[in-house]
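Following: one structure in structure tokens, then a few remarks.
The values are calculated or read from the model by the stated rules, or taken from the named source; none is laboratory data. Values in this document were obtained by computation on a predicted structure and should not be read as measured data. We place every Cβ from the backbone using ideal geometry, glycine too, and count neighbours over all the protein chains shown. In case anyone asks, the SASA skips ligands and DNA or RNA and just uses the protein heavy atoms, side chains included. Shrake-Rupley method; radii C 1.70, N 1.55, O 1.52, S 1.80 Å.
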Amino acid sequence: GLLSIATATQLLKANKNVVRIGVRGNHLSTEAAALFTQGMGSCKAPATSGMALSLRQLDFSYNLITLKNLKFSGSFFRGLYKLNTLHTLVLDSNDMKDDALWGVASFLASNPSIRTLSLRDQDFKRRATMENLYQNLKFNNKLTVLDLRYNPAVLNEYIFTAESYGLVSSELEENNPGLRGLPFHEDRACVALEQRRKTPHQKDL
């Protein structure tokens, strides 16, 4: 619930030692997730920002963060952007549709600190949505691993063969040098990270 997540945020955000937080499977809505990220990134002074200095990984998988409400999704992403030590964001199995991926793409174009993003098991369908993601990633030089596995509907507009799982990743990597898009059948441990290319008007890693 909203009260519970707000309370948890207030208790957690002053902690300067926590590196990973997992709130998997808690039926969190987009509004609740927005409260969480906004609360975590609310302290402005570096000396008192607590978790904003330590948090590296945030796992929101198996919730109800559909990002359908523009107000709350915008607040959610603004909160994430303030967590400038966050390197890994997991949003698996949140029943996101194509409109949610448009929001994610816009967030990535702002070049946040995130280097690994997992969006497994959603309901992305249109190739145009993927193309928009590719275009927005051209403004990002920090993300190095993108996991889009277990999104079978994405393949509806691709050639539906075993090779098409790798096709999605290949197209993503071809348009965004230095980014590794995990094929649907590939294990994360097998992926060799590469330095992202330099992007005009963006800070390098």
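Worth a mention:
- Region 57-106 and region 4-24: distance between their alpha carbon centers, rounded to Å: 17
- Shown are Arg126, Arg180, Arg20, Arg115, whose ranking by accessible area with a 1.4 Å probe and every protein chain present, most to least, is Arg20, Arg126, Arg115, Arg180.
- Rolling a 1.4 Å probe across all protein chains gives Lys82 an accessible area of roughly 100 Å².
- Rolling a 1.4 Å probe over the protein chains gives Tyr62 an accessible area of about 120 Å².
- The fraction of Cα-Cα pairs per 10 angstrom bin, counted from 0 for region 1-117, comes to 15, 51, 31, 3 percent, rounded to whole percents.
- Extension gain (nm, one decimal) between Asn69 and Asp95, 0.36 nm per residue minus Cα-Cα: 8.0 nm
- Spin-label model distance (nm) - Glu174 vs Leu2, 7 Å beyond Cα toward Cβ: 4.7
- Calculated accessible area for region 1-118 comes out at 46 Å² per residue, all protein chains present (probe 1.4 Å; ligands, DNA, RNA ignored).
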